[in-house]
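Written below as structure tokens is the structure these notes are about.
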Amino acid sequence: MLATVDLRGDRSDASARLPRADAETVDAARAAVRDILDRVKRDGDAAVAVLTRDHDGWEGGALDIGLDEAKAALDGLDPALRGALERAAEQIRWFHEQARPRDWTAERGGAVVGVRHRPLRRVGVYVPGGRAAYPSTVLMTVVPARVAGVDEVVVCTPPGADGQVNRAILAAAALAGADRILRIGGAQAVAAMAYGTETVPRCDKVVGPGNVYVAEAKRMVAGEGVCGIDALAGVTEVAIIADDTADPRLVATDLVAQAEHDPLAACLLITDSADLAEAVGAALQREVADTRHRERVEQALRGQSAVVLVDDVDHAVEVADTFAAEHLEIQTRDAATVAARVRCAGAVFVGPFSPVSLGDYAAGPNHTLPTGGTARFTGGLRTDDFFVPVNWVHYNRDALADLAGVVRAIGTAENLPAHVRAVQARLED
């Protein structure tokens, strides 16, 4: 079911041999998204209505969902699910409170400098709702924004053909404290929050995961400088570093769990044990046969997924860093030590009792994570994504005089005499 990439004896850059989503799929999405962004920017709500009809089958109506409806959804939620959402929200809130960025002030030679963190005024949150509904994403995005003190949180999520939004998503939005909820999905939702329309307020930042179209829309609006984004959280992926101590059944269940998200999901097993790889293959046959979403799981596992054979665990870490997975599991001897050597991953799950699905719902760290190799240079959604760090400088005359020579020398070298003059004028009698 899984292809094999044999890197044993080859410690060169493996990036070209590791599977990723088909580049043609991404290119096709890019062209379609450009058209969507241009239409929403030009025509606002009218474009959103047409795109919603074409992509979600809803003929249109009020985009806004009242907070009263969300509160009613929360009140009518199955008690067990409500209790689970409340417990998860508590854990997520606790984690993001620990991660609040620190303001600081320091004095040196009469100069006082520092950084103050100011919460964003308005944040747009995208919550997927295509193949599955994700109330967990509401918690993972809205709760950290509230911890940061964002003034207004706007949630967009796609409607069904009847115009209704999943009740669990509405309930989670009420529980987490969203200010606005709108029935808009896909790239058009990102466009509406980035540019603003007659109904959707323009947001300073757009966060949240989505499919390849959502990820491309976020990439484009950020590239235009229209608004900020958290990261390119697109089609999901997992890599599992495992040695001969790993339980093949657990490895198989985790590969299937990730594959059920999307036919384009990428799932890697990186191992130095051919025997484990064979055992995982047999376990996959059993797990896939029994899973509800068998068709999409098989597409993902036969598509951009593989067993990667390596020389040893050190080699496995090198390969994992090259792949820079959204989720990285470590199922090896002394897993904590191995995990400490990892440089590039959206989130690392250590040991046999830390599956990715725990992080998806309730562990605490965010499940909105970088994909497509972007974990090489960025991390997952975190509390400081909802702040702007403001540097500040307060010098007295003596402190300015102390650095005047530095300004004069560098300003002269850069042929910017007015910069030098701005300092000298303050030091004249």
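Among T383, T236, T337, a tally of other beta-carbon atoms within 10 Å of each Cβ gives an order, fewest to most, of T337, T383, T236. The charge dipole of the chain, taken about its Cα centre with unit charges on the Cβ of Lys, Arg, Asp and Glu (plus for the first two, minus for the last two), comes to roughly 1200 debye. With N counted as the residues of region 1-77, its alpha-carbon radius of gyration over 2.2 N^0.38 Å works out to 1.93. Per residue, the average separation of C-alpha pairs within less than 8 Å and at least 6 apart gives the chain a relative contact order of 21 percent.
The C-alpha atoms of the chain define a longest principal axis, and helix 274-290 lies at about 80 degrees to it. As a proxy for reagent exposure, ranking V165, V127, V154 by other Cβ atoms within 10 Å from fewest up yields V154, V165, V127.
Whole-Hz Karplus values for region 223-231 come out as x, 7, x, 6, 7, x, 9, 7, 6 Hz, taken residue by residue from phi with 6.51 cos²θ - 1.76 cosθ + 1.60 and θ = phi - 60°; glycine and proline positions read x. Charging the Cβ of each Asp and Glu at -1 and of each Lys and Arg at +1, and nothing else, the dipole of region 1-116 about its Cα centre rounds to 740 debye. Please give the helix 417-427 orientation as an angle from the longest Cα principal axis of the chain, in degrees from 0 to 90, rounded to the nearest 10. On a 0 to 90 degree scale, this one is about 60. Counting Cα-Cα pairs of region 305-379 in 5 Å increments starting at 0 gives whole-percent bin shares of 3, 17, 26, 27, 20, 6, 1.
Based on the Kirkwood approach, the hydrodynamic radius assigned to region 358-404 is 14.6 Å, with every pair of different Cα atoms included. What is the angle, in °, between the Cα long axis of helix 79-98 and the longest principal axis of the Cα atoms in the chain? Nearest 10 is fine, range 0 to 90. Orientation of helix 79-98: about 40 degrees from the principal axis. Judged by the mean number of other Cβ atoms found within 10 Å, the most tightly packed of the peptides 270-282, 417-429 leads the ranking 270-282, 417-429.
Any read-out appearing in this document is the output of simple, stated calculations on the displayed coordinates, not a laboratory observation. None of these values were measured; they are calculated from a predicted model. So basically every Cβ, Gly included, is an ideal-geometry build from the backbone, and we count neighbours across all protein chains shown.
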